[in-house]
Amino acid sequence: MLTRLLLIFTLMIEISFINAQEMSKNELQLMPWPQEISLNSSDFSITTDFSIFIHGDVAEDSRIFKSSTRFLRYMTDKSGVFLKEGFPNAANVSAENAGVQIEFEEVAELKMGIDESYRLEVDASGIRLKAKTDIGAMHGLSTLLQLIDVKAGGYVFSGASIKDHPRFVWRGLMMDVARHFMPVDVVKRNIDAMAFVKLNVFHWHLSDDQGFRVETKSLPKLIEMASDGQYYTQAQIKDVVAYADERGIRVVPEFDVPGHGTAFLTAYPELASKQGIEYHLERNAGIFDPTLDPTNDKTYAYLDTLFKEVTPLFPDQYFHIGGDENEGKHWDENPDIQAFMKEQDLKDNHALQTYFNIKLEKILSKYDKVLMGWEEIMTENMPKSALIHSWRGVNEGLAPGQSLTAAVKNGYQTILSNGYYIDLLLSVEDHYMVDPMPAVDLTEEEAARILGGEATMWAELVTPLTVDSRIWPRTAAIAERFWSPQEVRDIDSMFERLETISQMLELIGMQHMRSQSYIFRNIANYQDDDALRILSEISEPYKIYSRNAGGTEYQTYSPFTLFADACTADAKAVRPFQKAVANYMATNDAASKKVILSYLRQWSTIHSRIEDIADKAPLTAPILPYAKKVSEVSILLTVAVDTNTLSKNNMKLFHSIMEVQEDPSLNLDVTLAVADALTSLATYLAK
């Protein structure tokens, strides 16, 4: 009898835990999702008495004090509550009366592999946050901010018990500031967003064919001739590094060599593999031939001079040398380089680049730096200390994870970016389903060499105005892949939570929503822009670099305030409309019909509404033919849904309208993202 009662009791506990987990997934809007979480019904209300007490001797310039202060500002901005005490550990705040108590054991030295775990308990009696390090406690504050909810007409922190730690130690975002320069304020606000979703490595791509972006006093021509006057002073670099450190984020610089070297050679042409030509900064996108000469001793002397000056600006142990996309054309054309290769028994350009990389590895080791580079640096002679950055995949003719797997099996540590190229403007779903851990058999030792991954924001088609909208909120979902358990993969849950996280990102200063609104206002010339917004909700920009085919359609100084720049990779209405069509086809009831018609009637008026403002809004001209197509199809299908049928003639008309291609010279550069759903609806009605 006792055994039976114990079994029933155990079963009840298990059911209670499962229900709590399911309730958490349904109710909480957290991202990244914690390792362990359970809900309780005892929420903590946000009132004027809310305060934070940090245990221990905490200075006002410490990470945790500043992080707690930012937390209070975000919380009050969200809730509108006027606090009696606006800073942690205020004179009237103690462990006995504080709403939040924070305890941690040590201030972390910012480096790879530190303890970032935390435990968070929230109930009506108070909030308790404990961590091994201050950085772990800061992660807990990010989670706590996401626990803000509205219940019974007021703001509360949802009651929960959370035990959390990251899955991977390297969780990064790469920002290219060479192709389009990003001012310090843009960089800083993206670092804020990184901290909010628990990313911990800011990879700063600082040189490329289009510009060199760091003040270099020992090699002054790099900024005098190769920056267009757009660069960071050394004081600004130090400021950004300190800003990131305060948020628990490491900064890894990248200076791309020997390829992508036009900026270097514009300043110092004597280092070029091809002499007798004048080098100028590139204004287009693409892969270019100018390459540093790896057989010239001056090349290494110059790079040594550069590294000696810039490495102290970046405390992190890792230093990225690029090393990608060097096709070696100028090496092939240089007889002296070919003779050198023969003398050194270097069989091909890959071997020559390895020779170059090994030289750089020795230079960097003098300055206590560990070399890392894109996967092309990986050869049998490359020291195992090098960190391999895997980036190539299907688009480059390789299997997903091929180079990552090869790296770990050959003894290298590695991080993954293939699958996380957010500049490709693929759906967040595509990125979310990519995992840094490949689906291959690895030993425990090999798996441990996979450190994590990085989202990459290449800047050929973004500017300071639009970069936030290209990074966020999608990168929050990638951050979840780097932090959360591997089995957290529910697409619907991800999209639902991402909507709330997007709003929270705006709260902390991201401009992904504001920039979109500005572009609509600019296109409409400050007239009614609502139809443009509605059209953008079913339109997505061209993907996988097809917007700038050949790299010559847009230059670095081209306008990026067009309709495509306001559209996002996951147009807002697409998934809801797809589900509405599926539901209508499954039920064909009055409720589902009403939902479909609400979409179609709204889209039916887009063209006429844009036409109404067109005379005073010249930027709408390229949009009008596309808007006409959308409205004509919507009008046709509105009648069909109303009558529950689509005639053969009207089906032909539907296809003829849908097959109309936009004039490429208009630079509209978007696709109708609901095209497949509209076609499914038409096909269903035509039966």
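The values are calculated or read from the model by the stated rules, or taken from the named source; none is laboratory data. What you see is a predicted model; the values in this text were computed from it and never measured. Heads up, the Cβs are rebuilt from the backbone with ideal geometry, glycines too, and the neighbour counts pull from every protein chain shown. SASA here: full protein model, heavy atoms, side chains in, ligands and nucleic acids out. Shrake-Rupley method; radii C 1.70, N 1.55, O 1.52, S 1.80 Å.
Things to note:
- Surface composition of the chain: carbon plus sulfur atoms hold 52% of the accessible area, using a 1.4 angstrom probe and ignoring ligands, DNA and RNA.
- Three principal axis extents describe the C-alpha atoms of the range 540-687; from largest down they are 53, 33, 26 Å.
- Between residue 621 and residue 82, the simple label model (points 7 Å from Cα in the Cβ direction) yields a spacing of 5.5 nm.
- Diffusion coefficient (Stokes-Einstein, Kirkwood radius over C-alpha pairs, 4 °C, 1.567 mPa s) for the chain: 47 µm²/s, rounded to a whole number.
- At q = 0.16, 0.18, 0.22 Å⁻¹ the log10 of I(q)/I(0) for the range 312-422 amounts to -0.80, -0.97, -1.22, computed by Debye summation with a single uniform scatterer per C-alpha, solvent ignored.
- Using the Cβ-Cβ distance between residue 381 and residue 97 with R0 = 56 Å, the FRET efficiency computed as 1/(1 + (r/R0)^6) comes to roughly 0.30.
- Values of log10 I(q)/I(0), in the order q = 0.17, 0.22 Å⁻¹, for the range 209-327 under a Debye, Cα-only, solvent-free model: -0.87, -1.34
- Compactness of the range 77-223, expressed as Rg and Dmax over alpha-carbon positions, Å: 19.9, 63
- Loop-located trypsin sites (Lys or Arg not before Pro) across the range 296-376 with a Cβ neighbour count of 11 or fewer within 10 Å are 347, with loop assigned by DSSP.
- Size of the range 429-578: Rg and Dmax of its alpha carbons, in Å, are 17.8, 62.
- Theoretical FRET efficiency, 1/(1+(r/R0)^6), r = Cβ-Cβ of residue 491 and residue 395, R0 30 Å, to 0.05: 0.85
- Accessible surface area normalised per residue over the chain is 42 Å², counting heavy atoms of protein chains with a 1.4 Å rolling probe.
- For the pair the range 644-659 / the range 592-637, the C-alpha centres are spaced 18 Å from each other.
- Once each of the GluC sites (Glu not before Pro) sitting in a DSSP loop with at most 14 other beta-carbon atoms within 10 Å is removed, the chain keeps 488-658 as its longest stretch.
- Sorted peptide list for 195-203, 288-296, criterion being average Cβ within 10 angstrom, highest first: 195-203, 288-296
- Where chymotrypsin sites (Phe, Trp or Tyr not before Pro) fall in DSSP loop in the range 224-258, at most 10 other Cβ within 10 Å: none
- Mean projection of the Cα convex hull over all viewing directions, computed for the range 577-659: 6.0 nm².
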